[in-house]
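Asks: Below are the structure tokens for one structure; questions will follow.
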Amino acid sequence: MQVKSMHFKATSSAKLNDAVLQTALKRAKGKFVDGRAAAVAEIDAWEDIRTHAAALRDRVIANLDAYLIEFEQNAVARGAVVHWAETAEQANAIIVKIAQDNAVKIATKSKSMVSEEIALNDAMEAVGIEVVETDLGEYILQLAHEPPSHIVAPAVHKSKEEVADLFVAAHGRPRLTDIPAMTREAREVLRSKFLGADMGISGANFVIAETGTTLTVTNEGNADLVTTVPRIHCVVTGIEKVIPTLEDFATLIRLLPRSATGQSAANYLTLTTGVKAPDELDGPEQMHVVLIDAGRTKLVGSDMKEMLRCIRCGACMNHCPVYQNVGGHAYGWVYPGPMGSVLTPTYVGIENAGDLPNAATFCGECEVVCPVKIPLPDLMRKWRERQFDQALRPFGERFSISVWNAFATRPALYAASTRIAARVASWWGGKERRITWLPGLDGWTDGRDMPAPAGKTFRELYSARQKLAARHKP
Amino acid sequence: MSARENILARIRAQSGRTGATATAAELAAVRRHIAQQMRGPLPSIASDPPLARFIGECERLKSTVDEVAHINDVPQALARYLKQNSLEVPVVGWPSLSVLDWSGAGIDYQNRLANADDLVGVTDCFCAIGETGTLLLLSSPVTPKLHALLPETHVCIVSRSRIVATMEDAFALLRNERGQLPRSTFLVSGPSRTADIEQTIVIGAHGPYRVHVILTP
């Protein structure tokens with residue numbers, strides 16, 4: 001997918017003034033945040049399960065090569081073909097070749113963020129293969145020619161009126177605005193695609209080393225049709241998705257739907273292992289698994305390796321005050337919110353996504369709700385440090401931080417200068433005791449006033465109080 | 001160098017390990033860990049009586065539940081359900097269930113693969129999970145998956161003796177009785193749904209609109 005993360009500031013300003021988006025974001029926030037809280041409250045062992053899940057993900061990441069080999073061996077033993085791709089281009093070439101070797105005309109897809117990363121649909125369409133997104137949200141976005149704005153609810157930014165217009169244009173049926181009726185219309189239109197497809201493309205929420213299994217977690221039933229009806233099933237997934245055992249899946253699935261949508265269980269968990277037997281009535285004759293690196297190995301063993309634990313639930317963005325206000329498109333690539341602010345610079349380069357790790361208030365909510373305890377604020381802070389070290393932030397910002405550093409690392413100088421600053425700021429506040437303008441900081445003071453400080457620093461007040469206390473000692 | 005070798009070598013280099021590929025000892029350690037099949041911590045709800053919890057969770061997921069005293073009573077129970085829901089149509093069912101006396105209950109039971117026009121699909125299941133009200137279906141030549149997916153109504157026969165407490169218990173049963181996973185291991189928790197338009201939950205997306213469970217001894 002084309003990277004637009006360098007335009008974060010301009011795009012987010014526009015998104016703040018987009019009335020349809022703001023309505024959608026407010027609606028989604030309530031449902032996701034309250035839904036998760038209620039679902040998590042049912043699980044008294046929540047913290048223990050999170051700790052166990054984080055540890056099991058870490059175990060795999062620390063031995064990733066061996067777990068991938070074990071998965072590959074067990075998948076191949078069941079008749080799957082395992083492919084490896086270092087880059088998006090390699091992955092697309094592999095999948096296009098599978099399709100062309102098998103004379104595929106229509107491919108149905110269930111939702112896959114990795115396929116968004118590599119822009120698989122464009123690669124398939126370029127060689128004349130019809131690709132049909134079947135997740136309702138992704139289908140809406142395919143009609144709108146837009147990227148997803150959320151990793152779990154891709155069309156969260158669209159109003160039903162916008163969807164109704166898209167359906168009229170694509171289906172040529174009378175305009176409906178009743179949501180259940182619109183959903184039925186999409187079901188009817190997509191049925192023939194499901195049944196007519198030669199190839200089904202799915203992502204994988206996890207792949208299981210023990211059994212050579214790939215699996216999807218869905219609610220609509222589309223992934224189940226995509227992986228059952230066509231004669232070829234192709235799985236596109238990242239190398240970090242491997243987990244050791246079925247027991248580990250049972251642990252992670254207690255966390256995933258609750259964190260994502262506030263559901264106690266996702267409707268459909270589909271574990272696919274190999275190809276159909278000759279006497280089976282349904283199921284694919286070929287199964288291909290494409291394991292994609294595309295930047296992931298850069299995180300292995302690094303000071304940001306915890307990011308590879310991510311199970312793509314979306315809780316961090318649902319609870320992020322920045323995401324809640326600007327939505328997913330402002331982030332300019334596949335992954336929005338805090339997890340995207342760590343992943344996007346890794347995968348597309350910090351020089352293309354420099355604002356993302358800075359678009360955080362560091363309120364810490366993302367880390368609190370993360371089901372696998374990824375220290376997201378810490379990881380964003382690491383990106384900020386690297387940007388400073390590599391002189392990637394604007395001169396003014398770097399200069400200010402250097403000046404601050406010069407004072408903050410010299411206690412006597414710091415104390416003296418803050419004493420002066422506190423007095424100047426107090427005088428600056430005038431009779432109104434409010435600071436309404438600061439030289440060079442109009443961007444801050446245009447929208448808000450600051451109460452004038454009392455005129456003494458914290459240290460002065462503290463030492464005065466200590467002296468007073470000493471005098472009153474018996 | 002192939003992409004596979006490059007990726008594996010990069011992982012090793014990044015992890016501070018020498019050599020281009022995992023050693024026999026490293027692979028053996030991974031297999032030993034997998035063989036432990038270690039379970040994670042369980043919430044208290046996992047100790048609820050499985051049958052009662054299963055029924056409660058089914059209702060929460062908008063599945064409906066009926067109970068019969070004997071497996072031979074299933075066709076009559078299905079006939080009642082179809083009548084109540086104005087679904088007096090042919091049903092498509094798993095070959096494995098064709099031994100029941102469907103015609104005796106006035107049901108046209110068609111033993112074939114489901115297609116897009118079928119309104120009612122009938123299956124049973126390998127086992128069910130109390131914690132989440134989940135049905136676990138395994139694919140085989142006599143238990144194809146599409147019966148539970150294409151028709152608008154999925155009727156599933158569940159034996160009370162096959163309701164386990166947790167997903168961990170279900171996988172243990174599967175390993176004990178079958179040895180390995182079949183091509184498709186399908187866990188169904190209620191009728192299909194979506195909330196992709198304005199986060200409004202709609203029951204009935206691409207899969208069934210209704211899941212009806214008939215409990216047998």
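The values are calculated or read from the model by the stated rules, or taken from the named source; none is laboratory data. For clarity, every value in this text was computed on a predicted model and none was experimentally measured. As a convention, Cβ positions derive from the backbone with ideal geometry for all residues, glycine included, and neighbour counts pool all protein chains shown.
For every residue, the table says whether it meets (1) modelled with pLDDT under 95; (2) farther than 24 Å from A:ALA250 by Cα.
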{"residue": "B:ASN6", "(1), (2)": "no, yes"}
{"residue": "B:GLY19", "(1), (2)": "yes, yes"}
{"residue": "B:LEU27", "(1), (2)": "no, no"}
{"residue": "B:ARG31", "(1), (2)": "no, no"}
{"residue": "B:ALA35", "(1), (2)": "no, no"}
{"residue": "B:MET38", "(1), (2)": "no, no"}
{"residue": "B:PRO41", "(1), (2)": "no, no"}
{"residue": "B:SER47", "(1), (2)": "no, no"}
{"residue": "B:LEU51", "(1), (2)": "no, no"}
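Asks: Name the helices (runs of 4 or more DSSP H) wholly inside the range A:1-91 in which the number of residues that are free of Cβ contacts under 8 Å to residues at least 60 places away in the same chain and of a type in the set (Asp, Glu) is 1 or more.
Replies: A:46-62, A:64-77
Asks: Can you name the helices (runs of 4 or more DSSP H) wholly within the range B:1-84 that have at least 1 residues being more than 10 Å from chain A (Cβ to nearest Cβ) and buried (at least 18 other Cβ atoms within 10 Å of the Cβ)? Outline the logic, then answer.
Replies: Working: elements: B:3-14, B:24-35, B:50-60, B:74-84.
Answer list for the range B:1-84: B:50-60, B:74-84.
Asks: Which one of these does B:PRO191 not meet: (1) at the interface with chain A (Cβ under 7 Å from one of its Cβ atoms); (2) closer than 30 Å to A:ALA181 by Cα?
Replies: (1)
Asks: Does A:PRO284 satisfy the condition of being outside any helix (DSSP H, G or I) and either modelled with pLDDT of 95 or more or small (Gly, Ala, Ser) (or both)? Before the answer, list the steps.
Replies: On the way: outside any helix (DSSP H, G or I): yes; either modelled with pLDDT of 95 or more or small (Gly, Ala, Ser) (or both): yes.
In short, yes.
Asks: Go through A:ASP135, A:ASP122, A:ASP178 for me and flag whichever is closer than 30 Å to B:ASN6 by Cα, modelled with pLDDT of 95 or more and among the acidic types (Asp, Glu). Write out each step before concluding.
Replies: Numbers: A:ASP135 fails: closer than 30 Å to B:ASN6 by Cα; A:ASP178 fails: closer than 30 Å to B:ASN6 by Cα.
Only one candidate qualifies: A:ASP122.
Quick grid of which residues meet (1) away from chain B (no Cβ under 14 Å); (2) under 22 Å from A:ASN267 (Cα atoms); (3) in contact (Cβ under 8 Å) with a residue 60 or more places away in the chain:
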residue	(1), (2), (3)
A:ALA93	no, no, no
A:ASP101	yes, no, no
A:MET113	yes, yes, yes
A:GLU117	yes, no, yes
A:GLU162	no, no, yes
A:ALA169	yes, no, no
A:ASP178	no, no, no
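Asks: Taking helices (runs of 4 or more DSSP H) that do not extend beyond the range A:311-417, which have at least 3 residues that are touching a residue at least 12 places away in the same chain (Cβ under 8 Å)?
Replies: Numbers: elements: A:315-318, A:321-326, A:337-348, A:365-369, A:376-389, A:395-408.
In the range A:311-417, the matching helices (runs of 4 or more DSSP H) lie at A:315-318, A:321-326, A:337-348, A:365-369, A:376-389.
Asks: In the range A:276-292, which residues are at the interface with chain B (Cβ under 7 Å from one of its Cβ atoms) and either closer than 30 Å to B:GLU57 by Cβ or surrounded by fewer than 23 Cβ atoms within 10 Å (Cβ to Cβ) (or both)? Break it down into steps so the answer makes sense when it comes.
Replies: Of the residues in the range A:276-292, the ones at the interface with chain B (Cβ under 7 Å from one of its Cβ atoms) are A:276-277, A:279-283.
The answer is A:ALA277, A:ASP279, A:GLU280, A:LEU281, A:ASP282, A:GLY283.
Asks: In the list B:SER161, B:SER103, B:SER140, B:SER96, which residue meets the criterion of being buried (at least 18 other Cβ atoms within 10 Å of the Cβ) and over 30 Å from A:ARG184 (Cβ atoms)? Break it down stepwise before answering.
Replies: Working: B:SER161 fails: buried (at least 18 other Cβ atoms within 10 Å of the Cβ); B:SER103 fails: buried (at least 18 other Cβ atoms within 10 Å of the Cβ); B:SER96 fails: buried (at least 18 other Cβ atoms within 10 Å of the Cβ).
It is B:SER140.
Asks: Moving on. Sort out which residues of the range B:91-112 are of a type in the set (Gly, Ala, Ser) and either assigned to a strand (DSSP E or B) or in contact (Cβ under 8 Å) with a residue 40 or more places away in the chain (or both), and write them in order of number. Quick ask: steps written out before the conclusion?
Replies: Here is the first cut: in the range B:91-112, the residues of a type in the set (Gly, Ala, Ser) are B:93, B:96, B:98, B:103-106.
Once the filter is applied, which keeps residues that are of a type in the set (Gly, Ala, Ser) and either assigned to a strand (DSSP E or B) or in contact (Cβ under 8 Å) with a residue 40 or more places away in the chain (or both), the range B:91-112 yields B:GLY93, B:SER96.
Asks: In addition: What tally of residues in the range A:21-57 results from selecting those that are away from chain B (no Cβ under 11 Å) and β-branched (Val, Ile, Thr)?
Replies: Residues in the range A:21-57 being away from chain B (no Cβ under 11 Å) and β-branched (Val, Ile, Thr): 1 in total.
Asks: Against the definition (of a type outside the set (D, E, K, R) and without any contact (Cβ under 8 Å) to a residue 60 or more places away in the chain), how does B:ALA195 come out, yes or no? Talk me through it step by step, then tell me what you get.
Replies: On the way: of a type outside the set (D, E, K, R): yes; without any contact (Cβ under 8 Å) to a residue 60 or more places away in the chain: yes.
Considered against the rule, which asks whether it is of a type outside the set (D, E, K, R) and without any contact (Cβ under 8 Å) to a residue 60 or more places away in the chain, B:ALA195 comes out as yes.
Asks: Answer yes if at least one residue in the range A:14-23 is under 23 Å from A:VAL326 (Cβ atoms) and buried (at least 18 other Cβ atoms within 10 Å of the Cβ), and no otherwise. Outline the logic, then answer.
Replies: Keep residues of the range A:14-23 that are under 23 Å from A:VAL326 (Cβ atoms), which gives A:14-23.
Now narrow it down to the ones that are buried (at least 18 other Cβ atoms within 10 Å of the Cβ): A:15, A:21.
Checking the range A:14-23: at least one residue is under 23 Å from A:VAL326 (Cβ atoms) and buried (at least 18 other Cβ atoms within 10 Å of the Cβ).
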